[in-house]
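Data block below; observations after.
The values are calculated or read from the model by the stated rules, or taken from the named source; none is laboratory data. None of these values were measured; they are calculated from a predicted model. For neighbour counting, all protein chains shown are included, and Cβ atoms are generated from backbone atoms with ideal geometry for every residue, glycine included.
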Amino acid sequence: MPYFWFHAFERTSVQDTLEVLRNGPAINPSPTCATRTNEETLGIAPPCVYAYLGRTDSTFGNSALSLPMEGLDGKVSPFDTGGLVGHIVPVKDWSRDDRRSFLGRYSWPSNDLPTLLDLYPKPGGPQRRAYLNCDRPRSAGPHEVWRTADDPFVASIWSDPNEFRSWLWEGRSPNQLGIQDNLIAWSCPNTTYGEIRKFAEDAAAADVVWFESLLQKYVDGGVSALVQSLRERQEVA
């Protein structure tokens, strides 16, 4: 099941970018950033690093990396959790307690993702392509897929006027999204890539092999090009 996680990011220095690519993205340390504010509203603790299954968007950052589906250890939900605070109708207008309960109802351990995807979206064939295309699901919301008889959380978040982030699977990794040997591919602005190549040329002997592997996984063209370059591999069931 070759879906990949994508994490988009933006760093102000080459050293910070290399830190992300070597050790994985860590949480934004600012307690007042939008992500921490959303987490407080939704009761997400500890703070997390976020990735999206199948694709990401340059609005999240001008650089991105991709990991295998099993490379994320945390929780998953079939929507962008920040949208529950900012833009997903009708949940964004619910009380804080109800939004927290909704998130809790539709959050699962990341190890459960293969089983969850067996229900929706189904792996392989048109359903897989439709998901990667960001096509609107046939179901009105997650309550039509995983609802229990006494479930009060009915919200048609996969319907108009909501957009694709309302049904894009999100992964949340506590504190840091580790890379280890799982990096599949990455991209960044051309100017940053040029500076990274200079770092590689001056690298200590112990880092030469790591830089060689890193540069081989680079995709020219930025976030959108990275997503497109892995599209065909993800469509294979």
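Numbers at a glance
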{"quantity": "Top-ranked residue in segment 50-109 [being out of contact with any Ser or Thr (no Cβ under 7 Å at 6 or more places or on another chain) and of a type in the set (Ser, Thr, Tyr); ranked as farthest from Cys134 (Cα to Cα)]", "calculated": "Ser95"}
{"quantity": "Residue list for segment 6-33, filter: closer than 19 Å to Lys217 by Cβ, out of contact with any Pro (no Cβ under 9 Å at 6 or more places or on another chain) and either among the aliphatic types (A, V, I, L, M) or crowded, with 22+ Cβ neighbours inside 10 Å (or both)", "calculated": "Phe6, Ala8, Val14, Thr17, Leu18, Val20, Leu21, Pro25"}
{"quantity": "Yes/no for Ser224 being within 13 Å of Ala64 (Cβ to Cβ), surrounded by 11 or more Cβ atoms within 10 Å (Cβ to Cβ) and touching a Gly at 6+ places or on another chain (Cβ under 6 Å)", "calculated": "no"}
{"quantity": "Scan of segment 189-214 for residues that are aliphatic (A, V, I, L, M) and surrounded by 13 or more Cβ atoms within 10 Å (Cβ to Cβ), ordered by number", "calculated": "Ile196, Ala200, Ala203, Leu214"}
{"quantity": "Residue check for Gly54: farther than 29 Å from Glu195 by Cα and touching a residue at least 24 places away in the same chain (Cβ under 8 Å)", "calculated": "no"}
{"quantity": "Condition check for Ala140: under 14 Å from Trp169 (Cβ atoms), free of Cβ contacts under 8 Å to residues at least 60 places away in the same chain and either surrounded by fewer than 21 Cβ atoms within 10 Å (Cβ to Cβ) or among the hydrophobic types (A, V, I, L, M, F, W, C) (or both)", "calculated": "no"}
{"quantity": "Condition check for Ala185: under 20 Å from Tyr3 (Cα atoms) and either small (Gly, Ala, Ser) or without any contact (Cβ under 8 Å) to a residue 24 or more places away in the chain (or both)", "calculated": "yes"}
{"quantity": "Segment 160-175, subset touching a residue at least 60 places away in the same chain (Cβ under 8 Å) and not in a loop (DSSP other than H, G, I, E, B), residue surrounded by the fewest Cβ atoms within 10 Å (Cβ to Cβ)", "calculated": "Pro174"}
{"quantity": "Hey, Arg129 under 22 Å from Leu65 (Cα atoms), of a type in the set (D, E, K, R), in contact with a helix residue (DSSP H, G or I) (Cβ under 8 Å, 6 or more places away or on another chain) and in a helix (DSSP H, G or I) or not", "calculated": "yes"}
{"quantity": "Subset of segment 193-222 (residues that are in contact (Cβ under 8 Å) with a residue 60 or more places away in the chain and under 22 Å from the mean Cα position of the chain (by Cα))", "calculated": "Leu214, Gly222"}
{"quantity": "Listing of helices (runs of 4 or more DSSP H) fully contained in segment 1-111 that carry 3 or more residues being modelled with pLDDT of 95 or more and farther than 17 Å from Asn182 by Cβ", "calculated": "34-42, 83-86, 96-105"}
